[in-house]
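One structure is given below, encoded as structure tokens.
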Amino acid sequence: MNTDVRSKDWDEQKHVHEVTGSTAVFDECGEECHNHRFCTVSGEAKKKGNSHVHEIKFRTDFSDGHYHEFYGESSTAIDVGNGKHVHFASAYTDCEDGHRHKFQVASLIDSPTDFKCN
């Protein structure tokens, strides 16, 4: 019986990013009603033009009796120096409990512990 759960492309895996954030919804008077947190790992890099993007998919925490989901795509790579980059996303969650949340998030840097010692 084959117990290897790796796909044939396992060794060809591209990089991913951690994505974490929170969002809030405000009432008519500007008072915060509740917020949601989310944390996920992006999908692998997908070529787009001269750069690449990542699929982002998450479900928020359960707050105020509900949660929200999001499925979308990051921006292309944003150079932060030393051969590193991040990605940005700004969008809305799905509608749940009669509302949705806007969020803005930058991914964490790719390969944060991959550096050269002098």
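A few notes on this one:
- Fully extended contour minus Cα-Cα distance, from residue 91 to residue 63, at 0.36 nm per residue: 8.1 nm
- Full extension of the chain between residue 55 and residue 99 gives 13.5 nm of extra length, using 0.36 nm per residue less the Cα-Cα distance.
- Note on residue 34 and residue 109: with the Förster distance fixed at 25 Å, the Cβ-Cβ geometry gives a FRET efficiency of about 0.25.
- Here the spin labels are modelled as points 7 Å beyond Cα on the Cα-Cβ line, and at residue 47 and residue 22 they lie 4.1 nm apart.
The numbers here are math on the coordinates, done by the rules we state, and not lab data. Computed from a predicted structure; not experimentally measured. Here Cβ is always computed from backbone atoms with ideal geometry, including for glycine, and neighbour counts include all displayed protein chains.
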